[in-house]
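Colleague: Sharing a structure here in structure tokens format.
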Amino acid sequence: MKPKISIVIPYSQYPNYLKECLTSLNESTYQDEEVLLVTDHVTEELPALREGIKVIDSHGSGVAAARNTGIEAASGEYIYFMDADDYVLNNTLEKLWQAADGQDLVYGIVNNTWNNKANFLEKKAKKEEEQEDIEEKEERRQERIAQYQSTLPEDANLEQEMAIYFLLRNRKGIRNFTVLGNLYKKSFLDRYNIRFCEDFRYYSDMTFMCPVLEHVESAVQVQDAIYVKRKHNDPINYPALRQEDSDDRFEERLKAVAYTRTLLNPEGHVRYFLDMKLIHYFTNVMTKRIRRSEDDKWRNEYFNMLIPYVEDTQPAVLDALGRQNTRLVRALLKGDINGVQKAIRWKFGKKKLKSMLHNRNTAYKLAYYHSYLKKDIQPKVILFETFMAKNYSDSPKYIFEYIAKNYPEYTCVWAINDGYKVPYGAKTVRRFSFQYAYYLAVAKYLVFNVRPPLWYRKREGQVFLETWHGTPLKRLVFDQAEVTSASPKYKQQFYKQRQDWDFLVSANPFSTKTFRSCFMYEGRMLEYGYPRNDILYAPNKEEIAARIRKQLKIPADKKTILYAPTWRDDEVIAKGQYGFELALNLETMRRELSDDYVILLRTHHYVAEHIDITGYEDFVYNVCDYDDISELYLISDICITDYSSVFFDYANLKRPILFYVYDFDKYKNQLRGFYIDMETEVPGPLLYTTEEVADAVKHIDEINEQYHDRYEEFYNRFCCYDDGHASEHVAKALLGKE
Ligand code: C2G
């Protein structure tokens, strides 16, 4: 029987994305479709990917050629385009099909995301739950539609005009022409011979979509038929087409506009909005390049190239522009680059001034760029920072203390936010202050355990030591398939920033190997162990422990359990801040263990939520604000963690470790994934309930015995560099005193 929908998927690379795309079709509630995978490299494995899939040779490269080939081969009544790296939701196709009643066009909506389907759905559900003012928003939307409709002539075809409104006018930017998300009636496409122009690599969608809108007679919208367009979070290794770096784009963009114009009525509505997009591209996007780009071609070659295309614009488009943009376009049409630059300065200068006045974060950055970066580098100054200046701890602390004791001629400056007094008379500055910006610019040496701010510019002559902050268990950066937390541009930013590192500290051969791949780091690796672990080998560590126990007022007759879980990528509250729901049942723990133990509760520094221990003060000690977790290791008899790198360090003490991994499957499969097999390689049992944890503590001697060999193996593999002298080696390497 003839299928109702033919799904055309051009495919050239990235099989993992393709798998997710096809899985989404398998999960679809609509199954009456044919799937045409059009590719320029047909292989034997491809047909096996999905039952009934038709693999077709595109006989040429590029998305346009593949899509055209798919249209010719399609036998369905309607055509639906998908990109091989995108996916649909379970009900998308069914909804579209239910609304289709012979119309030329049935259009849904496109959502952009950086995430896979599971994470996308989770975020969507959360957003819907939190959404307020739904009715108000809908009212405003209806008002905008009514306003648009009031500008239309009486004899306008409303179905066509609404399609133009949603698919052209409302999609901002010239790149956002997309053919995705809609059903096109095959006989309609054939009647008007609508196909993709194969001359264009990046902009062929407009050569298809504009004629569709020009000729469409019947169209219906399905607001909740969602097509999910996936942006690639690793544009360095796996760029999507629109993330590719290419010099030819500018010219192609103009040529695609010119070609598309030939397909349209010069006085028509589709042409009007196409021209509008071109003008907006100039006033809103290209002006930024003209202003900032180091490449002069934006101010001469490209500038001149654009003029005839703008000259060809419908006059009504120019009439509709505001004052500032009219000024810009007039200067362009005169070929007056100076006039354009003046108009740009006026337009953006005002914006900048406004933002400076409203944003106290801009002032110190301006000082940084315009003044501090011009000052001499100070050869004996070192700037230290741990965990975004939240505390005085981790490897930078121990490197600093070594330098302060052994090389007092260096001036050490610490970025610290809470006014903590750093020993040895070091100067402290608040992060994101004028002073901080100053030392970022003039300190010869920088020692950080996370990354510096994005606006930091490394200067010739500066030496950057990245200590990092843990042996990797969870997959990091370039090894992470999904980045559910952090900025979606994380990988791109990381790629750039890691080029600034002169040294990276590695605690074991495993870290060395992993850091090379996950950071794509090629610089010098300091393989001496973690400076922060030196204290675990200190000859006076018993003395230090006694002092800390006293300071925290831990009863002398009690043993201690440190519970130090990590954070969860999906529990975002605000930028860089996460929630944490305590899954350890304190009541059960107290009932079972309080005769012999107390608990030291320590959340990760990303966790901003305060954990309430009211009623448990006799049993639980909140050490979330204690600066240095290495000191806490010294006073802990047992460590409970989950996926935190904490256990790699704690293992140096050879004391028992328990893994409370109540959300193991989700963390492993959906959020991060691991480098080592937790089920067979970590030096302690994986436990899934509080009862199991309490029971393990009660039988800790048996567990020690049971895990003895695995612990030894683990110790030899991950603690092999640590010998109590890492700070010394690292400091000497940094200062060139080896
Ligand atoms: N940490 C802590 N308290 C916790 C958890 C972590 O003080 N409850 C400290 C430890 O020093 C730990 C470091 O923060 O080694 C990093 O924490 P992780 O839980 O491992 O998580 P993350 O910050 O994401 O770093 O290569 C390591 C990875 O980068 C993980």
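Colleague: Condition check: over 30 Å from Tyr633 (Cα atoms), at pLDDT below 95 and either of a type outside the set (S, T, N, Q) or more than 16 Å from the ligand (Cβ to nearest atom) (or both). Does Ile344 satisfy that? Don't jump to the end; show me each part of the working.
Modeller: On the way: over 30 Å from Tyr633 (Cα atoms): yes; at pLDDT below 95: yes; either of a type outside the set (S, T, N, Q) or more than 16 Å from the ligand (Cβ to nearest atom) (or both): yes.
In short, yes.
Colleague: Name the single residue, out of those in the range 293-348 being of a type in the set (Gly, Ala, Ser) and not in a helix (DSSP H, G or I), that is surrounded by the fewest Cβ atoms within 10 Å (Cβ to Cβ).
Modeller: Filtering first and then ranking leaves Gly322.
Colleague: Here is a further query. Does Gly108 qualify as being crowded, with 20+ Cβ neighbours inside 10 Å, in contact (Cβ under 8 Å) with a residue 12 or more places away in the chain and in contact with a strand residue (DSSP E or B) (Cβ under 6 Å, 6 or more places away or on another chain)? Steps first, please.
Modeller: On the way: crowded, with 20+ Cβ neighbours inside 10 Å: yes; in contact (Cβ under 8 Å) with a residue 12 or more places away in the chain: yes; in contact with a strand residue (DSSP E or B) (Cβ under 6 Å, 6 or more places away or on another chain): yes.
So Gly108 passes the test.
Colleague: To continue, here is another question. Would you point out which residue out of Ala65, Ala74, Ala48 is among the small types (Gly, Ala, Ser) and free of Cβ contacts under 8 Å to residues at least 12 places away in the same chain?
Modeller: Ala48
Colleague: Another question about this same structure. Would you check if there is a residue in the range 673-688 being within 16 Å of the ligand (Cβ to nearest atom), assigned to a helix (DSSP H, G or I), among the hydrophobic types (A, V, I, L, M, F, W, C) and closer than 27 Å to Asp557 by Cα?
Modeller: Within the range 673-688 (the criterion being within 16 Å of the ligand (Cβ to nearest atom), assigned to a helix (DSSP H, G or I), among the hydrophobic types (A, V, I, L, M, F, W, C) and closer than 27 Å to Asp557 by Cα), the answer is no, since none of the residues qualifies.
Colleague: Restricting the search to the range 634-650, which residues are within 12 Å of the ligand (Cβ to nearest atom) and touching an Asp or Glu at 6+ places or on another chain (Cβ under 9 Å)?
Modeller: Asp642, Asp649
Colleague: While we're here: If we only count strands (runs of 3 or more DSSP E) wholly inside the range 1-87, which ones have 2 or more residues that are buried (at least 21 other Cβ atoms within 10 Å of the Cβ)?
Modeller: Where strands (runs of 3 or more DSSP E) fall fully within the range 1-87 and carry at least 2 residues being buried (at least 21 other Cβ atoms within 10 Å of the Cβ), they are 5-11, 33-39, 78-81.
Colleague: Do any strands (runs of 3 or more DSSP E) entirely within the range 509-578 hold 1 or more residues that are under 22 Å from Gln480 (Cα atoms) and under 25 Å from the mean Cα position of the chain (by Cα), and if so, which?
Modeller: Because the criterion is at least 1 residues that are under 22 Å from Gln480 (Cα atoms) and under 25 Å from the mean Cα position of the chain (by Cα), the strands (runs of 3 or more DSSP E) in the range 509-578 that meet it are 572-574.
Colleague: A further question follows. Is it true that Phe659 is in contact with a Gly (Cβ under 7 Å, 6 or more places away or on another chain), closer than 30 Å to Ala481 by Cα and crowded, with 20+ Cβ neighbours inside 10 Å?
Modeller: When the stated conditions are applied, Phe659 passes them.
Colleague: Here is a further query. In the range 677-690, which residues are of a type outside the set (Gly, Ala, Ser) and crowded, with 17+ Cβ neighbours inside 10 Å?
Modeller: Going residue by residue through the range 677-690, those that are of a type outside the set (Gly, Ala, Ser) are 677-683, 685-690.
Scanning the range 677-690 gives Met678, Val682, Pro683, Pro685, Leu687, Thr690.
Colleague: Next question, about the same structure. Name the strands (runs of 3 or more DSSP E) wholly within the range 580-663 that hold at least 2 residues that are polar (S, T, N, Q) and out of contact with any Pro (no Cβ under 9 Å at 6 or more places or on another chain)?
Modeller: Values: elements: 597-601, 620-622, 638-641, 657-660.
Strands (runs of 3 or more DSSP E) meeting the threshold: none at all.
Colleague: Please work out which residue is nearest to Leu593 (Cα to Cα), limiting yourself to the range 603-618 and to residues that are at pLDDT below 90 and among the acidic types (Asp, Glu).
Modeller: Checking each candidate, the answer is Asp612.
Colleague: Of the conditions (1) within 13 Å of the ligand (Cβ to nearest atom); (2) closer than 30 Å to Asp85 by Cα; (3) out of contact with any helix residue (DSSP H, G or I) (no Cβ under 9 Å at 6 or more places or on another chain), Thr512 satisfies every one except a single condition; which number is it?
Modeller: Unmet condition: (2).
Colleague: Leu476: among the hydrophobic types (A, V, I, L, M, F, W, C), within 21 Å of the chain's Cα centre (by Cα) and away from the ligand (no atom under 16 Å from the Cβ), yes or no?
Modeller: no
Colleague: Regarding Phe519, is this residue of a type in the set (Phe, Trp, Tyr), within 12 Å of the ligand (Cβ to nearest atom) and over 22 Å from Phe718 (Cβ atoms)?
Modeller: no
Colleague: Of the residues Ile382, Ile399, only one is touching a residue at least 40 places away in the same chain (Cβ under 8 Å), under 20 Å from His605 (Cβ atoms), among the β-branched types (Val, Ile, Thr) and not in a loop (DSSP other than H, G, I, E, B); which?
Modeller: Checking each option against the conditions leaves just Ile399.
Colleague: Name, by its number, the condition in (1) at pLDDT 95 or above; (2) out of contact with any Ser or Thr (no Cβ under 8 Å at 6 or more places or on another chain); (3) more than 9 Å from the ligand (Cβ to nearest atom) that does not hold for Ile599.
Modeller: (2)
Colleague: Right, something else. Taking the options Leu593, Leu562, Leu653, name whichever one is of a type in the set (A, V, I, L, M, F, W, C), touching a residue at least 60 places away in the same chain (Cβ under 8 Å) and away from the ligand (no atom under 15 Å from the Cβ).
Modeller: One residue alone meets the criteria, Leu593.
The values are calculated or read from the model by the stated rules, or taken from the named source; none is laboratory data. Please read all numbers here as calculations on a predicted model, not as lab measurements. In this analysis, Cβ positions are derived from the backbone assuming ideal geometry, glycine residues included, and neighbour counts consider all displayed protein chains.
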